[in-house]
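Here is the structure we will look at.
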Amino acid sequence: MRTEASVAAFLGTPACIVYAQAFSTISSVIPAFSKRGDIIVADKAVNYAVRKGIQISRSTVRWYEHNDMEDLERVLKGVVKEQARKPLTRRFIITEGLFENVGDEVDLARVVSSRSLCFSTSLILSFIPSLQCVPTKLICPRKSD
C-alpha cells in the first residue's frame, strides 16, 4: 500500500492500484475500467498483452505515435472535438512505463500533463513484470544511484 501511495503522489493523483504483472492488468484493469462506449488513447508500441486487454474492453480506441507527446496531444484534442456534442464518456490513456517491444521509457511527466487537455482522463500505466525494479527506481532511487 505504501508503493501505491508513492506512485499516486509521484503522478499527482489521489490514488492508484499497482498490479504484480502485465497480464493482471489485462485480465482485470483495462476491461474492468473501460467498457463499450469509453475511449482509450493508447501508444502504438504497447505490448501484445496490453493490446489484448484493450481489445477485450470493446472501447473505442485512438492510437498515437510511439512516445510522441505532440501526437498524443493532437489525438486528445481530436477526442474532445469529436465528443463535444455527445454525452460525456470515460477516457483513458494507456501506455507502458518501459516499453517491452522497443525498450525505451515513457515521458511520464508529459503524459500526465497532457491529461489536462481531455476532461476527466484516467491513466493506465503498465510496467513489464521482468523489470519490476523500474517503478521502484522512478519513485525512490537508492542512494547509490
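The values are calculated or read from the model by the stated rules, or taken from the named source; none is laboratory data. Bear in mind that the values here come from a model prediction, so they are computed numbers and not experimental data. Using ideal geometry, Cβ is built from the backbone for each residue, glycine included, and neighbour counts are taken over all protein chains shown.
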Per the filter on the range 5-17, residues exposed (fewer than 15 other Cβ atoms within 10 Å of the Cβ) and modelled with pLDDT under 85 are G12, T13, P14, A15, I17
Check your understanding: Is there a residue in the range 31-40 that is under 20 Å from I17 (Cα atoms), modelled with pLDDT of 85 or more, under 14 Å from the mean Cα position of the chain (by Cα) and basic (K, R)?
Key -> no
When every residue in the range 32-58 that is more than 20 Å from V80 (Cβ to Cβ) and among the polar types (S, T, N, Q) is compared, the one surrounded by the most Cβ atoms within 10 Å (Cβ to Cβ) is S57
Requiring at least 3 residues that are within 21 Å of S113 (Cα to Cα), the helices (runs of 4 or more DSSP H) wholly within the range 7-102 are 69-82
The condition of being without any contact (Cβ under 8 Å) to a residue 24 or more places away in the chain and small (G, A, S) holds, among A49, A45, A84, only for A84
query: Hey, any hits in the range 122-131 for a residue that's at pLDDT 75 or above, exposed (fewer than 15 other Cβ atoms within 10 Å of the Cβ) and of a type outside the set (S, T, Y)?
result: no
